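Participant: Sharing a structure below in structure tokens format, with a few things to ask.
The values are calculated or read from the model by the stated rules, or taken from the named source; none is laboratory data. All values reported here derive from a predicted model rather than from experimental measurement. When we count neighbours, we look across all protein chains shown, and the Cβ atoms used for this are built from the backbone with ideal geometry, even at glycine. Accessible surface is based on the protein model in full, side chains and every heavy atom, while ligands, DNA and RNA are left aside. Shrake-Rupley method; radii C 1.70, N 1.55, O 1.52, S 1.80 Å.
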Amino acid sequence: MSLVEIERYTDVYEADLAAAFLASHGIEVSVTERFQTTINPLLQRALGIRLMGRADQVEAARDLLARVSDGEFADPVPLDELAPRPQARTMGRGIALMGMLVTGYPATTLPRRMRPVQIIGFVLLALVVLGAVLAAVS
């Protein structure tokens, strides 16, 4: 059975999502150019990632993908309800910033020992995080 191009994507992850969606509806597909484009991501736009399927299932697959782009399978929950609370994001960013300032940037290439002030800062940071977690639980 020969394979026919169903759709062409510029992102391998979008093509994989479409392939998984079609497979969940019983349509056999394969994503081509996956390995070439993940080795060199610049090839994704140049080659395009093709979603290939059997010739007898092409129309059904294209119809399903058109219905997806029209929003037929969209979740009815508004995205505003799924977003994290602003105060939680701000608190997390503050803790991360404080941790970097107190303990130093962790991605340095040279190994080093922690100075006593950094150890104290690390312990204080752990206590603050533990207090925030306990406050959120209760």
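Participant: Sort out which residues of region 13-33 are over 18 Å from ARG45 (Cα atoms), in a loop (DSSP other than H, G, I, E, B) and not acidic (Asp, Glu), and write them in order of number.
Facilitator: HIS25, GLY26, ILE27
Participant: Within region 58-70, does at least one residue satisfy the condition of being free of Cβ contacts under 8 Å to residues at least 24 places away in the same chain and outside any helix (DSSP H, G or I)?
Facilitator: Yes, region 58-70 contains a residue that is free of Cβ contacts under 8 Å to residues at least 24 places away in the same chain and outside any helix (DSSP H, G or I).
Participant: Condition check: in a helix (DSSP H, G or I), modelled with pLDDT of 90 or more and either open to solvent by 100 Å² or more (accessible area, probe 1.4 Å) or on the phi < 0 side of the Ramachandran plot (or both). Does ALA88 satisfy that?
Facilitator: no
Participant: Identify, by number, the condition in (1) assigned to a helix (DSSP H, G or I); (2) under 20 Å from SER69 (Cβ atoms); (3) among the small types (Gly, Ala, Ser) that GLY53 doesn't meet.
Facilitator: Failing condition for GLY53: (1).
Participant: Give the residues of region 1-56 that are among the charged types (D, E, K, R), without any contact (Cβ under 8 Å) to a residue 24 or more places away in the chain, in contact with a helix residue (DSSP H, G or I) (Cβ under 7 Å, 6 or more places away or on another chain) and open to solvent by less than 60 Å² (accessible area, probe 1.4 Å), sorted by residue number.
Facilitator: GLU33
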